[in-house]
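Presented below is the structure to which this report refers.
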Amino acid sequence: MDIFAQLNEEQVKPVLDTEGAVLVLAGAGSGKTRVLTSRIEYLLTEKDVPPENILAITFTNKAAGEMKERLEACCDIGRMWVCTIHSMCVRILRMFASKRNLRENFSIYSETERAAVVKQAFKECGYDDDGQLKSVRFHISNAKMLGLSPKEYAEKYAYERNIDVAMKVYAKYAEHLAAYNALDFDDLLTEARALLAEDEEALAYLAGRFRYIHVDEFQDTNAVQFEIIKMLASVHGNLFVVGDDDQSIYGWRGAKIENILGFNRSFPAAKVYLLQRNYRSTASILKLANASIAHNKARNPKQLWTEEGEGEKPVYYEAEEELGEALFAARIISQLVNMGYRLSDFAVLMRINALTRAFEQEFTKYGLSYKVFGGFKFFERKEIKDVLAYLRVAANPFDGEAVLRIINVPRRGIGDKTVQCLLDYAEREDLSVYDAILDCDALPLSGGMKEKLRAFGNYIKELVVLAQVEPVDRLVEHLLKTSGVYEMYGDDSDESTAKRANLDEFKSSVDEYVRMNGEASLSEYLQQTSLYSDTDEMDEGDYVTIATIHAVKGLEFRCVFLVGLEENIMPSSRALEESRGIEEERRLMYVAITRAKERLWLTRSMSRYLYGRREATMRSQFVEELRGELALPERSAYLRSAGGYESGGRYRRYGTPGYGYGYGSSGGSDSYSRGESESAFVSFGGDKKPPVSFNAATMSARAPQQKRDTSGYTIGARVRHTRFGEGTVIATRGTGANLIITVHFVTVGNKDLAAALAPLEILN
């Protein structure tokens, strides 16, 4: 049977087990999506289950899209629900909107919109302390994540300082959402749960419809999500969940590892299957991953294995400072690209996005294209949020937050006092902000101000009407031409140029959405942008990925640099204070290691400039746990040879100033490399002898590298850089492959560059 042609013996068993509760514990790279998709295909083609009776829940839009692509060949995807859990909840709530006192066109608020409405509610409750506002935001977010009402949360956390203030604001915030016909991201879950728990008709229809429920990435579910899943499975009981407790890394946003570890307590008759054969990584990378995660106690034991060869050994490297760490990566990437690798084969992964600067700086210096993920998402940029706010009002005029966001964007001379007058009038007359604007003649304002409000109101009314008759792409085209948002960025500054480019990209994304989804409504488009994730931004371009580990979960790369392996970064300082925090941080380490297919480098800096100051750092305990696997020399032997020491749990700098140290294993012997990190250049030569035998395999490709003639880079030479433009060499040091040149560029000033690596052309 074709369904089983590409499945191994481990994978076939859960595919055939179609009745009752089934838990598949799938190790990283073990083909879990293939198993889940094959099981659905088996149900459709061999069990003759109608597509509308199958539900498949994923946790990213990208995963849902990939699953749909695989299933299109065997069924009518339009009749099957394959979606993220938040998209599923939106779909359910739009079906039964009236039962939750909603209109079908309700808005979905991101964190940005939620923060704005919370701030508004905070002021309306008579508070103005910014420090207190931060605490209120935390408690509201925590209550939402836990699915607790203001009253329930206040009772559970009565011991918290100023909890009464937080809950008063929470209640006011909830009033605003109801008035705005809006739900925030957490409400999608809690409202869907409440619907299923309180409305027998809705539960009977949905639970009766979905005979077979499939959940991917089950380890990422929170308490509310699991309750929803259990209720949907309450009629037929056929629940198939796939996940890996070793990859549960979202505890900070409510994911409960207990859902997967205690699945048998919820479903005592559940069958459990293990997937341990890895199809992604080499054996040496898997050995490192297994050794790392084995230190966790709260887990289901698994041992990843592969039939692939050993491959290149993982390498550990220590730089003096962060620029040396970044240039180490830049040099290796350049060398391997010269040997046939693509930039898109590489990822630089880190615990926090505050570490990206050095890599952005060095990659720019040496002409390596890159993209940064895990920071500001595309749809969270201000100019994009402004355009989306116009569209939200066009789709849902009751959306007061959106109206207030754009009332003076671009500037119309409508100030805070006028806005407050609008809000007071709207509350007194029980009107939406939009209706209050249309009723501006009744406001105690000057004639000129009323005219400004009237013009704005008429423009919004025009958009509301157009949204009913025009497709989304034409509406957006009209909006960008007439709103004045594009003209806000009309100057030639780099910032304005970038923002105009973002608006153009937004228009392009809308055109693509319409092309792919036909006559989808404006509300459907806005729903898609609200549920957008970092991984949805990743395209097929040729660039190095620089990302937080959280942002690349589910992805894979031929080559991975795992950087910043220092205490208080990886693991984070917060994790060190929490009883179970270290285990989640170690799972994050495991996820990062298992993104690598062929090559893996683990790096750190012995000192780092972070949060406004430079400090010496301590090597991550996660590296110390892998001392044997990374072939690190014994601590005392290394410190004697390097000329430094650590004692009493406190870091002391060691090694010759300006050098970095690299370790790996090859042929059973230790290997070591020394790098001149002055000007962030990793050198492979020098007159000082390394304490352990040097092996170039730890640094790059284990193959001869092309030598670049650097003799022309003399003082006074004119050069052209692909990014910085023309400049003049004003200083040099070192020779040959180790030549460092200082170039004065008209555009960016002085830059120290490795002549053998930088994308330079000599002009004279």
Given (1) open to solvent by less than 20 Å² (accessible area, probe 1.4 Å); (2) in a helix (DSSP H, G or I), index of the condition I414 fails: (2)
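For region 420-454, give me the residue count where each residue is among the polar types (S, T, N, Q) and touching a helix residue (DSSP H, G or I) at 6+ places or on another chain (Cβ under 9 Å). Reasoning before the result, please.
Our first condition is that a residue be among the polar types (S, T, N, Q); within region 420-454, this holds for 420, 432, 446.
If we keep only those that are touching a helix residue (DSSP H, G or I) at 6+ places or on another chain (Cβ under 9 Å) too, we end up with 432.
Number satisfying all stated conditions: 1.
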Members of region 731-758 found to be surrounded by fewer than 16 Cβ atoms within 10 Å (Cβ to Cβ), more than 10 Å from Y713 (Cα to Cα) and touching a strand residue (DSSP E or B) at 6+ places or on another chain (Cβ under 7 Å), listed by number: R733, H744, V746, T747, N750
Options A21, A56: the member that is under 27 Å from R595 (Cβ atoms) and of a type outside the set (D, E, K, R): A56
Residue in region 476-485 that is touching a Phe, Trp or Tyr at 6+ places or on another chain (Cβ under 6 Å), surrounded by fewer than 15 Cβ atoms within 10 Å (Cβ to Cβ) and not charged (D, E, K, R) present: no
Filter result (over 13 Å from A754 (Cβ atoms) and either of a type in the set (G, A, S) or open to solvent by 30 Å² or more (accessible area, probe 1.4 Å) (or both)) within region 310-328: E310, G311, E312, K313, A319, E321
Any helices (runs of 4 or more DSSP H) falling wholly within region 574-660 and containing at least 1 residues that are modelled with pLDDT of 95 or more and under 34 Å from the mean Cα position of the chain (by Cα): 581-593, 621-624
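Residues to consider are C75, C89; find the one that is in a loop (DSSP other than H, G, I, E, B), touching a Leu at 6+ places or on another chain (Cβ under 7 Å) and of a type outside the set (A, V, I, L, M).
After applying the criteria, what remains is C75.
Going by what's in this entry, would T112 be described as closer than 30 Å to G400 by Cβ, hydroxyl-bearing (S, T, Y) and modelled with pLDDT under 90?
Numbers: closer than 30 Å to G400 by Cβ: yes; hydroxyl-bearing (S, T, Y): yes; modelled with pLDDT under 90: yes.
Answer is yes for this residue.
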Residue, farthest from P397 (Cα to Cα), within region 100-123, restricted to residues that are in contact (Cβ under 8 Å) with a residue 60 or more places away in the chain and open to solvent by 70 Å² or more (accessible area, probe 1.4 Å): E111
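Taking helices (runs of 4 or more DSSP H) that do not extend beyond region 182-292, which have at least 2 residues that are buried (at least 22 other Cβ atoms within 10 Å of the Cβ)? Spell out the reasoning first.
Values: elements: 185-198, 200-209, 223-232, 258-261, 263-266.
Counting at least 2 such residues, we get 185-198, 223-232, 258-261.
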Residue within region 162-181 that is open to solvent by less than 10 Å² (accessible area, probe 1.4 Å) and closer than 30 Å to G262 by Cα present: no
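Output the number of residues of region 735-763 satisfying the condition of being assigned to a loop (DSSP other than H, G, I, E, B) and of a type in the set (G, A, S).
Going through region 735-763, the residues assigned to a loop (DSSP other than H, G, I, E, B) turn out to be 735, 739, 746-748, 755-759, 763.
If we keep only those that are of a type in the set (G, A, S) too, we end up with 755-756, 758.
Of the residues in that region, 3 qualify.
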Options E462, E495: the member that is among the acidic types (D, E), free of Cβ contacts under 8 Å to residues at least 24 places away in the same chain and more than 23 Å from F378 (Cα to Cα): E462
Cross-chain or 6+ apart pairs with Cβ under 7 Å, region 73-88 first and touching a residue at least 12 places away in the same chain (Cβ under 8 Å) and more than 27 Å from V224 (Cβ to Cβ), then part of a helix (DSSP H, G or I) and of a type in the set (S, T, Y): C74/T45
Any hit, region 232-247, residues being farther than 24 Å from T594 by Cβ, polar (S, T, N, Q) and in contact with a helix residue (DSSP H, G or I) (Cβ under 8 Å, 6 or more places away or on another chain): yes
Some residue of region 392-405 being assigned to a helix (DSSP H, G or I), within 22 Å of the chain's Cα centre (by Cα) and crowded, with 19+ Cβ neighbours inside 10 Å: no
Leading residue by the ranking (modelled with the highest pLDDT) among those in region 514-536 that are part of a helix (DSSP H, G or I) and farther than 21 Å from C89 by Cβ: V514
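Residue under question is V387, and the condition is that it be over 25 Å from the mean Cα position of the chain (by Cα), open to solvent by less than 20 Å² (accessible area, probe 1.4 Å), among the β-branched types (V, I, T) and under 25 Å from L503 (Cα atoms); does it hold? Break it down stepwise before answering.
Working: over 25 Å from the mean Cα position of the chain (by Cα): no; open to solvent by less than 20 Å² (accessible area, probe 1.4 Å): yes; among the β-branched types (V, I, T): yes; under 25 Å from L503 (Cα atoms): yes.
No.
Would you mention how many residues in region 711-734 are outside any strand (DSSP E or B) and either in contact (Cβ under 8 Å) with a residue 24 or more places away in the chain or touching a Pro at 6+ places or on another chain (Cβ under 7 Å) (or both)?
At the first step, the residues of region 711-734 found to be outside any strand (DSSP E or B) are 711-717, 722-724, 734.
Going one step further and asking which of them are either in contact (Cβ under 8 Å) with a residue 24 or more places away in the chain or touching a Pro at 6+ places or on another chain (Cβ under 7 Å) (or both), we end up with 712-713, 717, 722-724, 734.
The total comes to 7.
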Any hit, region 421-438, residues being at pLDDT 90 or above, touching a strand residue (DSSP E or B) at 6+ places or on another chain (Cβ under 8 Å) and part of a helix (DSSP H, G or I): no
Sole exception among (1) buried (at least 22 other Cβ atoms within 10 Å of the Cβ); (2) in contact (Cβ under 8 Å) with a residue 24 or more places away in the chain; (3) hydrophobic (A, V, I, L, M, F, W, C) for F378, by number: (1)
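The values are calculated or read from the model by the stated rules, or taken from the named source; none is laboratory data. Worth saying up front: this structure is predicted, and the values here are computed from it rather than measured. For neighbour counting, all protein chains shown are included, and Cβ atoms are generated from backbone atoms with ideal geometry for every residue, glycine included. Areas reflect the complete protein model, heavy atoms only, side chains present, ligands, DNA and RNA absent. Shrake-Rupley method; radii C 1.70, N 1.55, O 1.52, S 1.80 Å.
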